[in-house]
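First up is the structure itself, then whatever we jot down about it.
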Amino acid sequence: MPETILATQQQRIEERLRYYEDLGIRLFYRDREATDRTPAVVQGSPRSALVEASLLPKPKTEVSRKPAPHAEPVIAPRAASLFEVVDKVADDTLLKIRDDIGPDCSRCKLHRGRHKIVFGDGSPSAKLVFVGEGPGADEDAQGLPFVGRAGKLLTQMIEAMGLQRKDVYICNVVKCRPPENRAPEPDEVAACSLYLLRQIDVINPQVIVCLGAVAAKTLLNTTRGISSFRGEWLEWRGRKLMATYHPAYLLRNPPAKADVWKDLQRVMAELGLQLPKKKSS
Ligand code: SF4
C-alpha cells in the first residue's frame, strides 16, 4: 500500500524537520548519490529536496575493512552518520546553542530527573575538546561537567598535559543526567547530540578527545568496541579525533591509566605541548 507508506513517511519527515528547526538547524548537505538511489517521497512539498537528500536511511558504511593482511580496520571517514549530512549552522555561537536548548528542555525523557542542564564549560576557542557521555550526580547538582570524582581525575590529567581546565572545553553527548548514571539510550543521544555537534563546530578545535565508548560511538557512528580503536588518530568533520577511556573507568581500573596517559601524550604531541617542568624543591 504505497500511499499509506508515503503518508507515514511524510508525517515522520515533517516531525523530524520541525525538530531540527527547533534546534536552529536549517541547512543540510544535498547528497546526490542518495537522491539517485531514492525515489522522491513527498511530492510537491517545498521540503522534498531536503528530505530526499538527507533524512532517508542510507546504507551503513561505518567500518571499512582493508584487504591487506596486517592492516588495522579503520573507521571510514564518511560514516553514514547524521553528522555527515548536517551542515555548519551559519553564525552559530555557544550562546545561541544554549538558548536553543532553552531553560527547560524536554526533548527527551532525561529531563524528568534532571536538576540542571549541563551544557559545557571551558574556553570557546579551545584547541582541545573533551567529550564525555553525560552528567553524573555532582554535575547535575552544579550544572558543570566533570566536577565529581571522575572530573577531578580529568582535571589532573589536563594539568599533567601542562594545561588548565580553562584552556580546554569539556562537554557531554547528553546534557541531562541519566538516572542511576546509566548510559544514555539511543533516543536520548539522538535528541541531544546535535547540540554537541554545534558546540564542536563553533569551537572548531584542533583535537577532539572522546572519553569513553558512548562519546566515541556517537561521534563516529560505530558499534565497535572502544578498545579496538582507542588511542588511534581518526578523522571527524575535518578534525583529529582520538578515543580514550572515561575517567570513571580509570577509577575502577587504575592500571588503564597508563594507556590513557599514552593517548594523551599523543594528543600533546599533536598540539605541540611539552611536559610541564617539575618544580624544584
Ligand atoms: S538530554 Fe538534551 S535533549 Fe534531553 S532533555 Fe536534556 S538537554 Fe534536552
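The values are calculated or read from the model by the stated rules, or taken from the named source; none is laboratory data. This structure is a prediction, so every number in the text was calculated from the model and none was measured. Backbone-built Cβ (ideal geometry, glycine too); neighbour counts: all protein chains shown. In case anyone asks, the SASA skips ligands and DNA or RNA and just uses the protein heavy atoms, side chains included. Shrake-Rupley method; radii C 1.70, N 1.55, O 1.52, S 1.80 Å.
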_Condition first: away from the ligand (no atom under 16 Å from the Cβ) and open to solvent by less than 40 Å² (accessible area, probe 1.4 Å). Now tell me which residues in segment 84-107 satisfy that._
VAL85, VAL89, ASP92
_All but one of (1) farther than 20 Å from ASP121 by Cα; (2) open to solvent by 60 Å² or more (accessible area, probe 1.4 Å); (3) of a type outside the set (A, V, I, L, M); (4) in a helix (DSSP H, G or I) hold for GLN274; state the number of the condition that does not hold._
(4)
*Candidate set from segment 219-236 (those that are open to solvent by 20 Å² or more (accessible area, probe 1.4 Å) and either among the aromatic types (Phe, Trp, Tyr) or under 10 Å from the mean Cα position of the chain (by Cα) (or both)); member that is farthest from ARG266 (Cα to Cα)*: ASN221
*Which condition breaks for SER106 when tested against (1) under 15 Å from SER193 (Cα atoms); (2) part of a helix (DSSP H, G or I)?*
(2)
*Kindly indicate whether VAL207 is of a type in the set (A, V, I, L, M) and in contact with a Lys or Arg (Cβ under 6 Å, 6 or more places away or on another chain).*
yes
_ALA256 - would you say it is touching a residue at least 12 places away in the same chain (Cβ under 8 Å) and surrounded by 15 or more Cβ atoms within 10 Å (Cβ to Cβ)?_
no
*May I ask you to verify whether VAL147 is in contact with a Gly (Cβ under 7 Å, 6 or more places away or on another chain) and more than 16 Å from the ligand (Cβ to nearest atom)?*
no
_Quick check on my filter: what residues within segment 139-153 are free of Cβ contacts under 8 Å to residues at least 24 places away in the same chain and either touching a helix residue (DSSP H, G or I) at 6+ places or on another chain (Cβ under 7 Å) or open to solvent by less than 10 Å² (accessible area, probe 1.4 Å) (or both)?_
VAL147, GLY148
*Select from segment 154-183 the residues that are open to solvent by 20 Å² or more (accessible area, probe 1.4 Å) and away from the ligand (no atom under 16 Å from the Cβ) and list them in ascending order.*
THR155, GLN156, MET157, GLU159, ALA160, GLY162, LEU163, GLN164, ARG165, LYS166, ASP167
*Only residues in segment 108-123 that are away from the ligand (no atom under 11 Å from the Cβ) count as the first member; pair them with residues that are outside any helix (DSSP H, G or I), Cβ under 6 angstrom, at least 6 apart or cross-chain, and list the lot.*
GLY120/CYS171; ASP121/LEU144; ASP121/PRO145; ASP121/ILE170; GLY122/VAL168; GLY122/TYR169; GLY122/ILE170; SER123/TYR169
_Here is a check on your reading of the model: is LEU194 in contact with a Phe, Trp or Tyr (Cβ under 9 Å, 6 or more places away or on another chain) and more than 12 Å from the ligand (Cβ to nearest atom)?_
no
